[in-house]
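Note sheet for the following structure.
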Amino acid sequence: MTQRFNAIFTTPKPVIGMVHLGALPGTPLYDPDFDLVKAARADLHALQGAGFDAVMFGNENDRPYEFEVDRASTAMMAYVIGQLRHEITVPFGVNMLWDPMASVAVGATSGAAFVREIFTGTYASDMGLWSPNAGQAVRYRDKLGRSDMAMLFNVSAEFAHSLDTRPLADRARSAVFSSIPDAVLVSGQITGEAAALSDLEAVKAVVPDTPVLANTGVKHETVAEVLQIADGCIVGSSLKVDGDTWKAVDPDRASDFMDRARASRG
């Protein structure tokens with residue numbers, strides 16, 4: 001599976017920047033007067049201008065999250081990406097929190113190079129009992145004719161506690177064996193909170209041939225240390241105005257972050 005990852009991310013230790021869409025239709029925070037396309041366009045261009053290796057579109061504002069995303073939200077995500085498609089100059093991904101099937105559907109039909117989601121495990125979460133089906137999601141991707149689309153497996157879910165009592169490293173190793181992810185992602189407890197470096201080290205030690213990425217909470221001050229261990233990272237909150245998850249991407253913060261990331265990876 002590493003071949004698929006390397007075909008998409010040609011730069012060692014890729015850095016993926018988040019385009020957090022405003023709340024989508026069918027969710028409590030949706031504002032019909034907010035221009036979703038305009039806001040996403042501004043974030044997209046800020047990230048591309050800063051030199052990010054890839055971007056990922058996500059519905060971070062669709063709180064409270066659901067395991068089956070509203071069809072109107074899924075349709076709007078696809079619409080926004082479609083409106084911006086000709087302006088995207090780097091590989092892009094999709095994540096529809098917390099719905100693996102919706103993520104695969106939007107990713108496959110919009111031309112995304114990758115998707116991110118919780119595909120494996122069983123969790124007690126803020127949203128209730130959480131038990132995704134990796135086999136169903138991977139088969140759905142192939143059924144849609146997108147076997148080229150990489151699947152990034154988050155193995156430490158935010159807003160949740162794993163009911164699997166095995167150590168994180170053992171769960172990651174098992175997921176790689178049984179579910180053939182293209183990369184494994186390690187997260188903190190909530191959006192914007194860093195994954196423990198010890199968790200990154202433990203996971204990387206047991207899956208040396210699978211890319212392991214830091215999924216949350218990477219900051220300007222920590223990116224160099226993180227990339228000494230991880231094979232890349234996904235970053236959102238640190239790039240925003242005042243470092244606030246819910247604000248727009250700050251072009252200066254984004255450029256500074258990528259300057260540090262490039263320096264750290266030589």
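Data overview
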quantity: Residue under evaluation I190, criteria (1) within 26 Å of S131 (Cβ to Cβ); (2) in contact (Cβ under 8 Å) with a residue 24 or more places away in the chain; (3) surrounded by fewer than 17 Cβ atoms within 10 Å (Cβ to Cβ); (4) more than 18 Å from the chain's Cα centre (by Cα), criterion not met; calculated: (4)
quantity: Segment 193-202, residues that are surrounded by 17 or more Cβ atoms within 10 Å (Cβ to Cβ) and among the acidic types (D, E); calculated: D199
quantity: Condition check for G217: surrounded by fewer than 21 Cβ atoms within 10 Å (Cβ to Cβ), of a type in the set (G, A, S) and either touching a helix residue (DSSP H, G or I) at 6+ places or on another chain (Cβ under 7 Å) or in a loop (DSSP other than H, G, I, E, B) (or both); calculated: no
quantity: Single match in D62, D31, D70 (criterion: surrounded by fewer than 16 Cβ atoms within 10 Å (Cβ to Cβ) and modelled with pLDDT of 95 or more); calculated: D31
quantity: Looking only at segment 136-165, and only at residues there that are surrounded by fewer than 22 Cβ atoms within 10 Å (Cβ to Cβ) and among the aromatic types (F, W, Y), the one that is nearest to I234 (Cα to Cα); calculated: F159
quantity: Breaking point among (1) touching a residue at least 12 places away in the same chain (Cβ under 8 Å); (2) over 15 Å from the mean Cα position of the chain (by Cα); (3) within 22 Å of W246 (Cα to Cα), for G17; calculated: (2)
quantity: Condition met for L168 (of a type outside the set (G, A, S), more than 21 Å from D53 (Cβ to Cβ), in contact (Cβ under 8 Å) with a residue 12 or more places away in the chain and surrounded by 14 or more Cβ atoms within 10 Å (Cβ to Cβ)); calculated: yes
quantity: Identity of the residue in segment 36-59, within 26 Å of M101 (Cα to Cα) and among the charged types (D, E, K, R), that ends up surrounded by the most Cβ atoms within 10 Å (Cβ to Cβ); calculated: D43
quantity: Every pair of residues 6+ apart whose Cβ atoms lie under 8 Å, when the first sits in segment 249-266 and is in contact (Cβ under 8 Å) with a residue 12 or more places away in the chain and over 18 Å from M56 (Cα atoms) while the second is β-branched (V, I, T) and buried (at least 17 other Cβ atoms within 10 Å of the Cβ); calculated: R260/V223; S264/V223
quantity: Any hit, segment 43-51, residues being at pLDDT 95 or above, in a loop (DSSP other than H, G, I, E, B) and over 16 Å from the mean Cα position of the chain (by Cα); calculated: yes
quantity: In segment 220-244, the residues that are assigned to a loop (DSSP other than H, G, I, E, B), on the phi < 0 side of the Ramachandran plot and crowded, with 16+ Cβ neighbours inside 10 Å; calculated: H220, T222, A230, D231, G236
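The values are calculated or read from the model by the stated rules, or taken from the named source; none is laboratory data. Owing to the predicted nature of the structure, the values given are computational and were not obtained by experimental measurement. We place every Cβ from the backbone using ideal geometry, glycine too, and count neighbours over all the protein chains shown.
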